[in-house]
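S.K.: Before anything else, here's the structure in question.
The values are calculated or read from the model by the stated rules, or taken from the named source; none is laboratory data. Note that the coordinates shown come from a computational prediction; the quantities given were computed from them, not determined experimentally. Here the Cβ is made from the backbone with ideal geometry for all residues, glycine too, and neighbour counts use every protein chain on show. Note: accessible area is taken over every heavy atom of the protein model, side chains too, but ligands, DNA and RNA are not part of it. Shrake-Rupley method; radii C 1.70, N 1.55, O 1.52, S 1.80 Å.
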Amino acid sequence: MDSSNQPVSGMESSMNVVNEPLKQRDFLLQMRKADKRLLQSLATSAKPLIFLELLVQQVRDLLPNMVRPCLIWCDKDLTNWRILNHVDWQGGVSDVVGRVSSVPTPLITFVASPSRKFGYEKSVSTRSDWVGWHSIIQECFLEDCHLVSVPDQDGNWLTMALFSNYISDVAEKPFYHWAIEQVLESAHDWIEASLLRKITDKTLQEMTDEGTGLLQPHAFDNAIEMMIRDARRYFQRLVFVTVFVKREIDGDELKHLSDTLTSTLRDNDLLARSGKSEFVMAMRIGHLDDAQIIAEKLEDALLKADPEHIGALNDGVSIGVSFYPEQANYNRLYLASRAAAEAVSEKTGYRLEYYGKFVKSLDEAYGF
């Protein structure tokens, strides 16, 4: 062996070590661009299939000539399987609409094991349990398969399978394995975000919550903006109320608490749940003193509620009230009422916010 080659080999090895962080940095920068495209798609309410097509394309662009992505849907019973990007997988794997005739046992096992967020199958080109996919796997020189699966709200599953070529260059293997892991982690989050967006879009079409009968937050937002516009036009007064329960409410208690709050309302008053332990209300009043009457009515209803049905009330409830036009818009009304609720010192009680003071009656605000 020519000893003059030794320093060159050592130099190449050192260069690979130096270049690895730079390659990782460049790859992460490309992933940032993919994130932006996918987030923009979600923000503009792209149809789910269009978003998933974009997702597959972004994965393909991130790892060109290295990874062949396969996006698979199956029902909760694991009986019906479909490849969503089926055009790329019609070589004996799926039909013209993506239905899969032969589902590999390891794929079924992985999806049926929800505790496993990621999966890995190696040497798929020669294994008998992948034989139904061998024609296209061998044609494309694919060897390994990385998997990630996400359930939707109906219990069905979306699985991203990243089939990769055999990496002959030993020096390149660590980088490519690292890159595939990054894509796999992000693919989980991207798919989960698209499923959440689908739920949100459905919710935005509903005016009330089915379980409690309360206004959905977006419906409350629209209604109070209209109420404020009318109040401005006709010189009316409004009160905005935040009800903050000091312990998280479970499913059974929520309906009873919602009914208790609803019992204090008039026909045109507004009520919605704005957080896990927070409710917001808005109503028209004729006089400033009406706010104290409303707050006392709420306090009385909550104190009389059956603690066996609403155990969360045992930890107490804070009620905060703010006024329009003293607070000129929705955001300021909410912030002022929330600050008033936070000023409550007793276990269950209320405070009125009036020009920066937190009081139990307007007489206190005026110093009487």
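S.K.: Just checking, how many residues over segment 197-212 are farther than 12 Å from residue 51 by Cβ and either aliphatic (A, V, I, L, M) or not in a loop (DSSP other than H, G, I, E, B) (or both)? First the steps, then the outcome.
M.R.: Step one: filter segment 197-212 for residues farther than 12 Å from residue 51 by Cβ, giving 199-200, 202-212.
Then keep just the ones that are either aliphatic (A, V, I, L, M) or not in a loop (DSSP other than H, G, I, E, B) (or both); that gives 199-200, 202-204, 207-208.
Total satisfying the criteria: 7.
S.K.: Let me ask something else. Within segment 25-66, how many residues are within 19 Å of residue 162 (Cα to Cα), assigned to a helix (DSSP H, G or I) and not polar (S, T, N, Q)? Even if it seems obvious, please write down each step before you answer.
M.R.: First, the residues of segment 25-66 that are within 19 Å of residue 162 (Cα to Cα): 27-28, 30-31, 34-35, 38, 49, 51-66.
In the following step, the residues that additionally are assigned to a helix (DSSP H, G or I) were identified as 27-28, 30-31, 34-35, 38, 49, 51-62.
Remaining after also requiring not polar (S, T, N, Q): 27-28, 31, 34-35, 38, 49, 51-56, 59-62.
So the answer is 17.
S.K.: Residue under question is residue 260, and the condition is that it be among the hydroxyl-bearing types (Ser, Thr, Tyr), assigned to a loop (DSSP other than H, G, I, E, B), in contact with a helix residue (DSSP H, G or I) (Cβ under 9 Å, 6 or more places away or on another chain) and open to solvent by 10 Å² or more (accessible area, probe 1.4 Å); does it hold?
M.R.: Details: among the hydroxyl-bearing types (Ser, Thr, Tyr): yes; assigned to a loop (DSSP other than H, G, I, E, B): no; in contact with a helix residue (DSSP H, G or I) (Cβ under 9 Å, 6 or more places away or on another chain): yes; open to solvent by 10 Å² or more (accessible area, probe 1.4 Å): yes.
In short, no.
S.K.: Do any strands (runs of 3 or more DSSP E) lying entirely in segment 316-360 carry at least 3 residues that are among the small types (Gly, Ala, Ser), and which ones are they? Lay out the reasoning, then the answer.
M.R.: Working: elements: 317-324, 348-354, 357-359.
Fully inside segment 316-360 and qualifying: 317-324.
S.K.: Determine, yes or no, whether residue 305 is under 29 Å from residue 233 (Cα atoms), in contact (Cβ under 8 Å) with a residue 24 or more places away in the chain and small (Gly, Ala, Ser).
M.R.: On the way: under 29 Å from residue 233 (Cα atoms): no; in contact (Cβ under 8 Å) with a residue 24 or more places away in the chain: yes; small (Gly, Ala, Ser): yes.
Considered against the rule, which asks whether it is under 29 Å from residue 233 (Cα atoms), in contact (Cβ under 8 Å) with a residue 24 or more places away in the chain and small (Gly, Ala, Ser), residue 305 comes out as no.
S.K.: Then there's this: Just checking, which of 93, 100 is open to solvent by less than 20 Å² (accessible area, probe 1.4 Å), in contact (Cβ under 8 Å) with a residue 24 or more places away in the chain and touching a strand residue (DSSP E or B) at 6+ places or on another chain (Cβ under 7 Å)?
M.R.: Details: 100 fails: open to solvent by less than 20 Å² (accessible area, probe 1.4 Å).
After ruling out the rest, the residue left standing is 93.
S.K.: While we're looking at this one, here's another question. Within segment 103-146, track down each residue that is buried (at least 18 other Cβ atoms within 10 Å of the Cβ), under 32 Å from the mean Cα position of the chain (by Cα) and in contact (Cβ under 8 Å) with a residue 60 or more places away in the chain.
M.R.: Listed by number, the list is empty, since nothing qualifies.
Per-residue answers, yes or no, for (1) of a type in the set (Ser, Thr, Tyr); (2) closer than 20 Å to residue 222 by Cβ; (3) open to solvent by less than 30 Å² (accessible area, probe 1.4 Å); (4) under 28 Å from the mean Cα position of the chain (by Cα):
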position: 318; (1), (2), (3), (4): yes, no, yes, no
position: 321; (1), (2), (3), (4): no, no, yes, no
position: 330; (1), (2), (3), (4): yes, yes, no, yes
position: 334; (1), (2), (3), (4): yes, yes, no, yes
position: 348; (1), (2), (3), (4): yes, no, yes, no
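S.K.: Do you know which residues across segment 260-272 are farther than 19 Å from residue 340 by Cβ and either in contact with a Phe, Trp or Tyr (Cβ under 6 Å, 6 or more places away or on another chain) or free of Cβ contacts under 8 Å to residues at least 24 places away in the same chain (or both)?
M.R.: Applying the first criterion (farther than 19 Å from residue 340 by Cβ) to segment 260-272 yields 260, 262-263, 265-268.
265, 266, 267, 268 - these are the residues of segment 260-272 that are farther than 19 Å from residue 340 by Cβ and either in contact with a Phe, Trp or Tyr (Cβ under 6 Å, 6 or more places away or on another chain) or free of Cβ contacts under 8 Å to residues at least 24 places away in the same chain (or both).
S.K.: Got at least one residue in segment 280-296 being of a type in the set (S, T, N, Q), touching a residue at least 24 places away in the same chain (Cβ under 8 Å) and not in a helix (DSSP H, G or I)?
M.R.: Residues of segment 280-296 that are of a type in the set (S, T, N, Q), as a first pass: 292.
Subset that is touching a residue at least 24 places away in the same chain (Cβ under 8 Å): 292.
With the extra rule that they be not in a helix (DSSP H, G or I), the set shrinks to none.
No, there is no match, as no residue in segment 280-296 is of a type in the set (S, T, N, Q), touching a residue at least 24 places away in the same chain (Cβ under 8 Å) and not in a helix (DSSP H, G or I).
S.K.: Regarding segment 240-249, can at least one residue be identified that is open to solvent by 20 Å² or more (accessible area, probe 1.4 Å) and farther than 22 Å from residue 334 by Cβ? Step through it out loud before you land on a result.
M.R.: Let us first name the residues in segment 240-249 that are open to solvent by 20 Å² or more (accessible area, probe 1.4 Å), namely 244, 246-248.
Add one more test, that the residue is farther than 22 Å from residue 334 by Cβ, and what stays is none.
No, that holds for no residue.
S.K.: Residue 20 is checked against (1) open to solvent by less than 70 Å² (accessible area, probe 1.4 Å); (2) modelled with pLDDT under 95; (3) touching a Ser or Thr at 6+ places or on another chain (Cβ under 9 Å) and fails just one. What number does that condition carry?
M.R.: In the conditions (1) open to solvent by less than 70 Å² (accessible area, probe 1.4 Å); (2) modelled with pLDDT under 95; (3) touching a Ser or Thr at 6+ places or on another chain (Cβ under 9 Å), residue 20 misses (3) alone.
S.K.: So residue 306 passes all but one of these: (1) touching a His at 6+ places or on another chain (Cβ under 9 Å); (2) open to solvent by less than 60 Å² (accessible area, probe 1.4 Å). Which condition number does it fail?
M.R.: Every listed condition holds for residue 306 apart from (2).
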